[in-house]
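Inspection log for the structure reproduced underneath, given as structure tokens.
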Amino acid sequence: MSIFTKIISREIPSEIVYEQDNLIVIKDIKPIAKTHLLIIPKKEISTINDLQENDRELMSDMIFVAKKIAKDLKIENAYELHFNVWDLQEVKHIHMHLLSNI
Ligand code: 5GP
């Protein structure tokens, strides 16, 4: 079970910014920007390389949630979305970083 699955089940505390049926958004514990959020699917997929055809809607939801949160936080004019993959990935449970220094 990944650390993010434990966060999703509230086994481990975190600062939750947003939640919907298939994903959660939390503040990164070691932020590297003024805003540093993690958009995490509740489905435990290890990496981008493990995505299946039926994950398309979920991945699309991650982007649309990022867009909504960026607007809500008024950072929509300057933010970055990124995925680390495998060797560059500390937590092997897919997540998208949302970063902004506005
Ligand atoms: P990765 O390198 O896997 O893309 O990034 C994992 C991110 O998760 C890192 O930025 C790290 O700070 C964050 N992180 C790791 N463990 C925890 C945790 O227990 N809680 C929170 N909120 N963030 C975490």
All positions within the stretch 87-102 that are under 21 Å from N22 (Cα atoms), near the ligand (Cβ under 10 Å from one of its atoms) and either open to solvent by 90 Å² or more (accessible area, probe 1.4 Å) or not in a loop (DSSP other than H, G, I, E, B) (or both): M96, H97
Top-ranked residue in the stretch 46-63 [being not aliphatic (A, V, I, L, M) and not in a helix (DSSP H, G or I); ranked as least open to solvent (accessible area, probe 1.4 Å)]: T47
Starting from the stretch 76-102, keep only residues that are without any contact (Cβ under 8 Å) to a residue 24 or more places away in the chain, then list their pairs with residues that are outside any strand (DSSP E or B) and among the charged types (D, E, K, R) whose Cβ atoms are within a distance under 9 Å, requiring at least 6 positions of separation or different chains. E76/K67; N84/E90
Determine whether I40 is more than 14 Å from the ligand (Cβ to nearest atom), within 13 Å of the chain's Cα centre (by Cα), surrounded by 10 or more Cβ atoms within 10 Å (Cβ to Cβ) and not basic (K, R). no
Quick one: what pairs do we get from the stretch 1-30, first residue more than 21 Å from I63 (Cβ to Cβ) and open to solvent by 60 Å² or more (accessible area, probe 1.4 Å), second among the hydrophobic types (A, V, I, L, M, F, W, C) and assigned to a loop (DSSP other than H, G, I, E, B), C-beta under 8 Å, 6+ apart or different chains? I3/I12; I3/V91; K6/I12
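The values are calculated or read from the model by the stated rules, or taken from the named source; none is laboratory data. Keep in mind the model is a prediction, meaning the values are calculated, not measured. When we count neighbours, we look across all protein chains shown, and the Cβ atoms used for this are built from the backbone with ideal geometry, even at glycine. What goes into the accessible areas is simple: the full protein's heavy atoms, side chains included, and nothing from ligands, DNA or RNA. Shrake-Rupley method; radii C 1.70, N 1.55, O 1.52, S 1.80 Å.
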